[in-house]
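Colleague: Please find one structure pasted underneath; my questions will follow.
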Amino acid sequence: LPEHIYSLASDGVYVNLFEPSTIHWTERGASLRIKMATRFPFDPEVHLQFSSTRPTQANIRVRVPSWATREMTVSVNGKPAGSGKPGSYVALDRSWAEGDVASFTLPAGLVASRYTGVDQIPNHDRYTVSFGPILLAAVGAPEIRLRLANVRKPEDLVRHLKPKPGQPLHYVVENTPGVEFVPYWQVDKETFNCFPAVDTRA
């Protein structure tokens with residue numbers, strides 16, 4: 001996984017991660033700047049605002065994360081300029097001028113994955129749940145066993161999770177009062193489980 005927000009390379013400037021930040025560099029003798037505006041993961045919108053001492057050709061490569069749930073389109077000044085599949089980069093090789101803006105919506109969504117480790121529970125399947133790159137922890141009880149009907153595959157579990165009003169990235173579970181999925185980093189003193197179990201007999 002990329003470790004830096006931006007990378008400068010011989011074939012362009014790579015935008016790898018998504019958080020408020022700024023990069024300055026020199027391209028073909030001109031001074032360029034990208035200022036990234038975003039509230040991700042609480043809001044999937046990202047805007048790259050360009051500044052340049054003069055119009056300059058540059059190749060800006062925007063990462064489409066491997067966790068993206070679909071292809072991602074990048075627009076420049078409101079017009080589609082390129083798209084890419086999860087795990088790729090969208091190359092925007094063009095002349096950039098003062099005030100240009102590249103915009104995109106990160107295709108993040110809820111995804112459940114079946115736990116296949118050694119710590120299995122008889123008559124239960126265990127799952128991890130994430131939103132984009134964010135691992136969610138189930139809080140509310142020392143042992144979290146969800147009694148949900150018709151959960152036979154990971155996507156069945158996702159259908160039982162509903163956004164909690166007023167609390168981004170928090171999800172309540174249908175028919176399971178007291179249990180809530182929250183970002184792992186927000187867990188404080190609550191008991192939690194990152195591999196909640198679903199009763200396969202339900």
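Colleague: One residue is enough: does the range 113-121 have a residue meeting the conditions modelled with pLDDT of 85 or more and in contact with a helix residue (DSSP H, G or I) (Cβ under 9 Å, 6 or more places away or on another chain)? First the steps, then the outcome.
Modeller: Of all residues in the range 113-121, those modelled with pLDDT of 85 or more come to 113-121.
Imposing the further condition that a residue be in contact with a helix residue (DSSP H, G or I) (Cβ under 9 Å, 6 or more places away or on another chain) reduces the set to 113-114.
Yes, some residue in the range 113-121 is modelled with pLDDT of 85 or more and in contact with a helix residue (DSSP H, G or I) (Cβ under 9 Å, 6 or more places away or on another chain).
Colleague: Could you tell me whether the range 133-147 includes any residue that is out of contact with any Gly (no Cβ under 6 Å at 6 or more places or on another chain), at pLDDT 90 or above and not aliphatic (A, V, I, L, M)? It would help to see each step written out before you state the result.
Modeller: The initial filter retains those residues of the range 133-147 that are out of contact with any Gly (no Cβ under 6 Å at 6 or more places or on another chain), namely 133-139, 141-147.
Narrowing the set further to residues that are at pLDDT 90 or above leaves 133-139.
Cutting the leftovers down to not aliphatic (A, V, I, L, M) gives us 133.
Yes, some residue in the range 133-147 is out of contact with any Gly (no Cβ under 6 Å at 6 or more places or on another chain), at pLDDT 90 or above and not aliphatic (A, V, I, L, M).
Colleague: Continuing with this model, one more query. For residues that are under 21 Å from THR69 (Cβ atoms) and aliphatic (A, V, I, L, M), scanning just the range 139-171, find the one that is most open to solvent (accessible area, probe 1.4 Å).
Modeller: Checked the range 139-171; the qualifying residue most open to solvent (accessible area, probe 1.4 Å) is VAL158.
Colleague: Can you spot a residue in the range 125-134 that is in contact with a strand residue (DSSP E or B) (Cβ under 9 Å, 6 or more places away or on another chain), part of a loop (DSSP other than H, G, I, E, B) and open to solvent by less than 70 Å² (accessible area, probe 1.4 Å)?
Modeller: Quick first cut of the range 125-134, residues in contact with a strand residue (DSSP E or B) (Cβ under 9 Å, 6 or more places away or on another chain) only: 125-132, 134.
Checking which are part of a loop (DSSP other than H, G, I, E, B) leaves us with 132.
Those left that are additionally open to solvent by less than 70 Å² (accessible area, probe 1.4 Å): 132.
Scanning the range 125-134 turns up at least one residue that is in contact with a strand residue (DSSP E or B) (Cβ under 9 Å, 6 or more places away or on another chain), part of a loop (DSSP other than H, G, I, E, B) and open to solvent by less than 70 Å² (accessible area, probe 1.4 Å).
Colleague: So which residues in the range 175-189 are modelled with pLDDT of 85 or more, open to solvent by 60 Å² or more (accessible area, probe 1.4 Å) and within 21 Å of ARG147 (Cα to Cα), if there are any at all? Before you say what the answer is, go through the steps one by one.
Modeller: From the range 175-189, those modelled with pLDDT of 85 or more are 178-189; that's our starting set.
Adding the requirement that they be open to solvent by 60 Å² or more (accessible area, probe 1.4 Å) leaves 178, 184-186, 188-189.
GLY178 - this is the single residue of the range 175-189 that is modelled with pLDDT of 85 or more, open to solvent by 60 Å² or more (accessible area, probe 1.4 Å) and within 21 Å of ARG147 (Cα to Cα).
Colleague: Yes or no: the range 85-100 includes at least one residue that is at pLDDT 95 or above and basic (Lys, Arg). Break it down stepwise before answering.
Modeller: Let us first name the residues in the range 85-100 that are at pLDDT 95 or above, namely 85-100.
The next check asks that each one be basic (Lys, Arg); those that pass are 85, 94.
Yes, the range 85-100 contains a residue that is at pLDDT 95 or above and basic (Lys, Arg).
Colleague: Let me ask something else about it. How many of the residues making up the range 183-202 are touching a Lys or Arg at 6+ places or on another chain (Cβ under 7 Å) and either hydrophobic (A, V, I, L, M, F, W, C) or more than 21 Å from ILE121 (Cβ to Cβ) (or both)?
Modeller: 3
The values are calculated or read from the model by the stated rules, or taken from the named source; none is laboratory data. The structure displayed is predicted, hence computed values, not measured ones. No Cβ is skipped: glycine too gets one built from the backbone with ideal geometry, and neighbour counts run over all protein chains shown. With ligands, DNA and RNA removed, areas are computed over all heavy atoms of the protein, side chains included. Shrake-Rupley method; radii C 1.70, N 1.55, O 1.52, S 1.80 Å.
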